[in-house]
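Chemist: There's a structure below that I have some questions on.
Every read-out reported here was derived from the displayed coordinates using simple, explicitly stated rules and does not represent laboratory data. All values reported here derive from a predicted model rather than from experimental measurement. Backbone-built Cβ (ideal geometry, glycine too); neighbour counts: all protein chains shown.
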Amino acid sequence: MSFFDYFLATRKNTATVAKERLQIIVAHERGQRGTAKFDYLPLLQQELLEVVRKYVAIQDDQIKINIEKDGSYEVLELNIALSETDKKIQK
Amino acid sequence: MANVIVVTSGKGGVGKTTTSAAFATGLALRGFKTVVIDFDVGLRNLDLVMGCERRVVYDFVNVINGEGNLNQALIRDKRVDDLFILPASQTRDKDALTLEGVERVIQELKQRFDFVICDSPAGIEQGAIMAMYFADEAVVVTNPEVSSVRDSDRIIGILSSKTYRAVHNLEPIKEHLLITRYAAKRVNQGEMMSAEDVQEILAVPLLGVIPESPSVLQASNAGIPVTLDTHSDAGQAYLDVVARFLGEERPQRFIHSKRSFFSRLFGT
């Protein structure tokens, strides 16, 4: 920063913008990389749906499967909403 | 046992081949028997940067296929003792490199050399994976520019998941960050990310910074590794990098620009 810069309209510091943008995208992409080992999730969801359908009539969007990181361990969360009975099975 | 070092980046045009040539030359100047392998099959260029393009008879793929042996393919540098080049093939067959073939050649080179430098092609395809697969250490070449930094981060991810050491649960590849085409003046003006910024994003120890310098193009024009231009800033910077790699302490001379009283006053 020079003496004269104080009197000029402050120019946008593009290096700072670059750093902030990179920090966001890199963190996001690293997060995705971490979950790459769970790429079986869509298939698991499909098969579970078929099993549940043997007993209950449910739509595709009534089953939700998710993995959450909690410290050193991961939680596999399965949510099936049963519309007729309005009951919720949670595991 | 020899050390296998991959020079990689993800993005093209950031200075992998320049760095491979300069780094290998620097190690050989320090008395280590060093070989540098061009993994860019189909787009061979290390030979040109090192000034031995007219001496290529047999190449890396010939050796893998048993069409020639290592002694026939290795080119001895005429300027520096103990420096050898294994040129890439110009074949367009992208499956010319096999993991078994590459392993066999690297194992043989490890018996004969102190350092095996692998000059990776750009991208994250098979050639780049082959270049890094058997590495013990990696020099990640990055420009202080958004696309280069992002691609380097991807390469760092691949280094820790797709390589021999990663697959076999061995000690991870030791990574080093090398920032090239660095313009300290532009960093001061807030136009370019600083070495500290890039290092913070990638979280890899900084091996050094190579300043943007006309001497790099002049060296490649002439087919001389820039390390041999000891009067140039880039040549000096590579010598520092080699010294640091060998465990010596060297101040980071090229991260901050020298600014005179007047330039501080006028902000130029």
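Chemist: Would you mind computing, in nm to one decimal, how far apart the modelled labels at B:LYS174 and A:LEU76 are, each placed 7 Å from Cα along Cα→Cβ?
Modeler: 4.0 nm
Chemist: Per residue of segment B:36-42, in order, report the coupling 6.51 cos²θ - 1.76 cosθ + 1.60 (Karplus, θ = phi - 60°) as ³J(HN,Hα) in whole Hz, putting x for Gly and Pro.
Modeler: Each residue's phi maps through the Karplus curve to give 10, 9, 8, 8, 7, 5, x Hz.
Chemist: For segment B:186-231, what does the equivalent ellipsoid look like in terms of its semi-axes, each the square root of 5 times an eigenvalue of the Cα gyration tensor, given largest first in whole Å?
Modeler: Equivalent ellipsoid semi-axes, largest first: 27, 14, 8 Å.
Chemist: I've got another one for you. If the viscosity is 0.692 mPa s and the temperature 37 °C, what Stokes-Einstein diffusion coefficient in µm²/s follows for the protein assembly as shown when Rh is the Kirkwood radius over Cα pairs?
Modeler: Stokes-Einstein gives a translational diffusion coefficient of 142 µm²/s.
Chemist: Order of B:76-82, B:159-165 by packing, highest average Cβ count within 10 Å first?
Modeler: B:159-165, B:76-82
Chemist: Something else now. I need the phi-derived Karplus couplings for segment B:13-23: 6.51 cos²θ - 1.76 cosθ + 1.60, θ = phi - 60°, integer Hz, Gly and Pro marked x.
Modeler: Values, residue by residue: x, 8, x, 5, 5, 4, 5, 4, 5, 5, 5 Hz.
Chemist: Stretched out fully, how many nm does the piece from B:TYR164 to B:LYS78 gain, at 0.36 nm a residue minus the Cα gap?
Modeler: 27.6 nm
Chemist: Another one. Step through the table entries B:LYS11/B:LYS33; A:LYS19/B:LYS16; A:LYS19/A:LYS64; B:LYS78/B:LYS185, compare each Cα-Cα distance with 25 Å, and write down the pairs that go over it.
Modeler: Violating the 25 Å Cα-Cα cut-off are B:LYS11/B:LYS33; A:LYS19/A:LYS64; B:LYS78/B:LYS185.
Chemist: Taking a cut-off of 17 Å between Cα atoms, list the aspartates and glutamates near A:LYS69, but don't count ones fewer than 8 places away on the same chain.
Modeler: Cross-link targets: A:GLU29, A:ASP39, A:GLU77.
Chemist: Looking only at Cα atoms, what is the convex hull volume of chain B per residue, in Å³?
Modeler: 124 Å³
Chemist: List the residues, sorted by chain then number, that are 5 or more residues from B:CYS118 or on another chain and whose placed amide H is less than 5 Å from its amide H.
Modeler: The list, which skips near neighbours in sequence, is B:ILE5, B:VAL6, B:VAL7, B:ILE37.
Chemist: Here's another thing I want to ask about it. If I take all pairs of Cα atoms in segment B:38-192, what percentage of them are more than 25 Å from each other?
Modeler: Across segment B:38-192, Cα pairs with separations above 25 Å total 36 percent.
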